[in-house]
């Protein structure tokens with residue numbers, strides 16, 4: 001399996017490229033519109049054909065690159081089923097799988113940050129957690145139908161039950177961290193370790209974070225799979 005972690009410095013977003021070197025078929029998870037040229041260059045350099053663009057959720061902090069990548073490559077755009085995005089080529093539900101050669105991706109419903117969030121477990125070892133579980137943190141729950149109690153359940157009952165050595169690759173990091181493990185996060189995640197559900201809910205209600213800078217643009221555009229032109233027609 002070929003696995004690459006790519007970074008957008010403006011939004012601190014991680015995009016993941018996963019591919020089967022034998023079939024040369026690839027998947028991009030959470031692509032960023034401003035990084036499409038970077039992604040296309042890497043695909044070309046590695047001799048890969050893009051089969052899928054896969055979203056963990058409808059993002060509020062960046063515009064997805066799915067629409068533009070679909071235009072350039074003919075790939076399919078895949079969105080979590082609860083989002084019911086009409087522009088998606090495919091909706092993926094809990095425990096459904098995408099298969100690209102030796103790459104097996106299992107969707108794990110992890111609502112709470114949004115009501116339609118998925119994590120993706122790749123070949124049983126690499127967990128792409130999106131904005132649900134971050135390294136030593138978690139996603140916020142104060143907009144897009146977020147719910148702290150549901151997020152706590154998603155993380156503790158669906159992610160923390162995976163083997164401790166499962167690698168955790170988040171959708172964002174603001175401290176330069178790139179990877180963790182389930183065992184580390186169970187022990188050292190300050191928002192979750194040793195906290196009850198009620199204490200977590202109280203903590204999240206008191207964060208008082210500013211809105212993401214691109215929320216007014218990102219959410220409606222991502223509801224059209226990143227098609228910027230759709231908002232002006």
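Every read-out reported here was derived from the displayed coordinates using simple, explicitly stated rules and does not represent laboratory data. Keep in mind the model is a prediction, meaning the values are calculated, not measured. Every residue, glycine as well, gets a Cβ built from its backbone with ideal geometry; the counts of neighbours run over all protein chains shown.
Quick notes
- For the range 26-49 versus the range 67-114, the gap between their alpha-carbon centres in whole angstrom: 16
- Annotation: the range 1-107 has a Kirkwood hydrodynamic radius of 13.8 angstrom, from the mean reciprocal C-alpha pair distance.
- Mean Cα-pair separation over length for the chain, i.e. relative contact order, pairs under 8 Å, 6 or more apart, %: 18
- Taken over the range 2-212, the alpha-carbon convex hull comes to 108 cubic angstrom per residue.
- Secondary structure note: in the chain, about 65% of the DSSP beta bridges are antiparallel.
- Between residue 46 and residue 198, the FRET efficiency from the beta-carbon distance, with R0 = 45 Å, is close to 0.40.
- A straight chain from residue 71 to residue 23 at 0.36 nm per residue would run longer than the Cα-Cα distance by 15.1 nm.
- Taking the longest Cα principal axis of the chain as reference, the axis of helix 36-46 is set at about 70 degrees.
- Likely footprinting exposure, 100, 79, 179, fewest C-beta neighbours within 10 Å first: 179, 100, 79
- Hydrodynamic estimate: the Kirkwood radius of the range 165-233 over Cα pairs, inserted into Stokes-Einstein at 20 °C and 1.002 mPa s, corresponds to D of 139 µm²/s.
- Cα-based radius of gyration for the range 124-176, normalised by 2.2 N^0.38 Å, reads 1.14.
- Counting only DSSP H runs of at least 4 residues, each contributing -39500 (n - 2.57), and dividing by the residue count of the chain, the helix-based mean residue ellipticity at 222 nm comes to -5500 deg cm²/dmol.
- Extension gain, residue 145 to residue 38: 0.36 nm times the residue separation minus the Cα-Cα distance gives 35.3 nm.
- Given R0 = 25 Å, the distance between the Cβ atoms of residue 208 and residue 115 translates into a calculated FRET efficiency of 0.70.
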